[in-house]
1. Here are some conditions: (1) touching a residue at least 60 places away in the same chain (Cβ under 8 Å); (2) assigned to a loop (DSSP other than H, G, I, E, B). PRO494 meets all but one. Which one does it not meet?
2. Is it true that some residue in segment 462-471 is closer than 20 Å to LYS490 by Cα and not in a helix (DSSP H, G or I)?
3. Condition first: over 15 Å from GLY87 (Cα atoms) and of a type in the set (Phe, Trp, Tyr). Now tell me which residues in segment 121-143 satisfy that.
4. Does segment 423-439 include one or more residues that are modelled with pLDDT of 90 or more, of a type in the set (Val, Ile, Thr) and crowded, with 19+ Cβ neighbours inside 10 Å?
5. Among the residues of segment 78-101, which ones are in contact (Cβ under 8 Å) with a residue 24 or more places away in the chain, touching a helix residue (DSSP H, G or I) at 6+ places or on another chain (Cβ under 9 Å), surrounded by fewer than 19 Cβ atoms within 10 Å (Cβ to Cβ) and not charged (D, E, K, R)?
6. Please pick out the residue among THR54, THR34, THR47, THR59 that is in a loop (DSSP other than H, G, I, E, B) and in contact (Cβ under 8 Å) with a residue 12 or more places away in the chain.
7. In segment 37-63, which residue that is of a type in the set (D, E, K, R) and surrounded by 12 or more Cβ atoms within 10 Å (Cβ to Cβ) is nearest to the chain's Cα centre (by Cα)?
Amino acid sequence: MVFRSPIFRKLLGTAFVLIALTLAVLDFNLARYTTKRAVQEIEQRLTAVATVLTSEAATLPPEQLEEWSKSAAARAHCRVTVVDPQGVVLAESEQDPAKMENHANRPEIRAAYLNRVGSAIRHSDTLGRNLCYLAVPVQYQGRSGYALRLAVPIENLDAAIAEVRWRILTASAVAALIALFIAYFFSRSFTQRIGRLRAFAEGLAKTNFTEGPLPDADDELGSLTRSLNSTASQLHDLIERLGLESERREAILASMVEGVLAVDQDLRITFYNASFARTLGLRSEVPAKAPLVEIVRDPVLRDILTRVVAGGETLKQRLQLPAAEGRAFEVQAAPLRVATGRGAIAILHDITDLERLERVRKDFVANVSHELRTPLTAIRGYTETLLEGALEDKENNRKFLEIIKNHSVRLNSIASDLLALSELESGKASAEQARVSVRPALEAALRAVEEEARSRRVKLICGQLEDVVVLGDRVRLEQTFVNLLTNAVKFNRPEGEVRVEILHTRDDEVSVTIADNGIGIPSADLPRLFERFYRVDKARSREMGGTGLGLSIVKHIVDRMRGRVTVESQLGKGSVFTVFLPAA
């Protein structure tokens, strides 16, 4: 409501006080002016009457003055008094002159003694009422120093002034009401404009503020309105930009795989992203300003953030978080300016896979070095033996050369398998996949190992070989079967068997099973069987000429064909390898 507005009450109250003061001053001045004008009119009338009466009184004998004063008073409708130079009243129209006091000190009489017209308004003790006096000098019987005084009561003057003052008050009241009515509407309009400006200004900080620009006006509030409209437009653009930037940052932080954590100077959490919550396994939202020690139990991370907050330097350190199942992280922490001082922000890079790859690379380099060192050492040793004279040894020189040849073949196999494995692990797209019939590929692989199986007295038995088709590379698929069949033949016993089978399963998959009844694989070695250079029996594997890469190549080829390979084995009873591929 408008009356509840303080500024409205102040404006209307100020207007009321100003109007009241103005009317009071106006009434006072008009009353004085009216009184002054009325007195001037009375004095002018009495002066005119006195001019006539002085000529009459100048020649009258003393015994007629009393009667003349009463006659003149009746004619002039005023009180008539004659005073001699000593102030003695000689004649009085309304009182007995003998009973009246000396009038020499009356201001109007003194002025008359000085040959001036004197006037005064005062209360008459003789008559008991207020009178307006006017005295003029008179030459009585040729002698100067006499005074003729006329007086009229001012009741009529007071009545006239009261009537004028009443009219002034009536007009002033009407003017005050009109002025207050106008001031009311002006104050209400002014207050409403200020209220709109206030509501507009308060709404500027709201993100959902949609009110249009304020109406303009040609005054100071209009200038303020134009400034607010301009500020609103700029602030709206700024809020939109900040909103977009905030949404962009939120999207970036939410999509980051790295965990992000921000704390203030008291190590209270101010922000964290979803990746950080997943890293620590947080199932519920962390309350605002929660202490870091309640969420992060790892002292190393807390120590990093404490040092950054205290020293203001960027730190980088590797650590393992027990809450993240022992995964390894590289933490990069930097100072962060916050409202209460200096905080810190930490980014947690998960380097578990990287460290694992580093270990694999180191193991790979060590394994390759070890695998190459053995044949190279043998080749070098037998070559030096031949150069030192064994070439002339008819009994052993051919044997030495065959050993050198075997190790050279092994080196070539290692190099070929490494190149194949490198190509498979590089992720480069192979030739365009085509429909490949599995049975011909398996039969070709069987022909490739047939000679070695015959030399080791191992039977190759074909079970049910369904004619099914898969999508893939014929050469790689045949290589998979050759590697599995080679292992089944090499790690078998004399008179052993290798059975192959191709089936179309109910899950719309093609299963290729290669089973043997050879030496088998210990169950402890099964999980690592497809790792590079992993051997169950290292001495026997090298003796058989294996490189330790065959099964790893099989695993990569099957993975690229969107399939899987499984193994079941019992030590001393044999092994069963099954390749599952999607049917085309």
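1. Result: PRO494 passes all but (1).
2. From segment 462-471, those closer than 20 Å to LYS490 by Cα are 462; that's our starting set.
Filter once more, keeping what is not in a helix (DSSP H, G or I): 462.
Looking for residues that are closer than 20 Å to LYS490 by Cα and not in a helix (DSSP H, G or I), one finds at least one in segment 462-471, hence yes.
3. The one that is over 15 Å from GLY87 (Cα atoms) and of a type in the set (Phe, Trp, Tyr): TYR133.
4. Yes, segment 423-439 has at least one match.
5. Step one: filter segment 78-101 for residues in contact (Cβ under 8 Å) with a residue 24 or more places away in the chain, giving 78-85, 90-95, 97, 100.
Then keep just the ones that are touching a helix residue (DSSP H, G or I) at 6+ places or on another chain (Cβ under 9 Å); that gives 78-83, 85, 90-94, 97.
Now restrict to residues that are surrounded by fewer than 19 Cβ atoms within 10 Å (Cβ to Cβ): 85, 90, 94, 97.
If the condition is that a residue be in contact (Cβ under 8 Å) with a residue 24 or more places away in the chain, touching a helix residue (DSSP H, G or I) at 6+ places or on another chain (Cβ under 9 Å), surrounded by fewer than 19 Cβ atoms within 10 Å (Cβ to Cβ) and not charged (D, E, K, R), then PRO85, LEU90, PRO97 are the ones that fit.
6. Values: THR54 fails: in a loop (DSSP other than H, G, I, E, B); THR34 fails: in a loop (DSSP other than H, G, I, E, B); THR47 fails: in a loop (DSSP other than H, G, I, E, B).
Going through THR54, THR34, THR47, THR59 in turn, the sole match is THR59.
7. At the first step, the residues of segment 37-63 found to be of a type in the set (D, E, K, R) are 37, 41, 43, 45, 56, 63.
Retained after the next criterion (residues that are surrounded by 12 or more Cβ atoms within 10 Å (Cβ to Cβ)): 37, 41, 43, 45, 56.
Details: ARG37: 77, GLU41: 83, GLU43: 86, ARG45: 89, GLU56: 106 Å.
Looking at residues that are of a type in the set (D, E, K, R) and surrounded by 12 or more Cβ atoms within 10 Å (Cβ to Cβ), I get ARG37.
Yes/no matrix, rows are residues, columns are (1) more than 16 Å from THR51 (Cα to Cα); (2) charged (D, E, K, R):
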residue: GLU92; (1), (2): yes, yes
residue: HIS103; (1), (2): yes, no
residue: ALA112; (1), (2): no, no
residue: GLY118; (1), (2): no, no
residue: HIS123; (1), (2): yes, no
residue: PRO137; (1), (2): no, no
residue: GLN141; (1), (2): yes, no
residue: SER144; (1), (2): no, no
residue: GLU163; (1), (2): yes, yes
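The values are calculated or read from the model by the stated rules, or taken from the named source; none is laboratory data. Predicted, not measured: the structure shown is a model, and the values here were computed from it. As a convention, Cβ positions derive from the backbone with ideal geometry for all residues, glycine included, and neighbour counts pool all protein chains shown.
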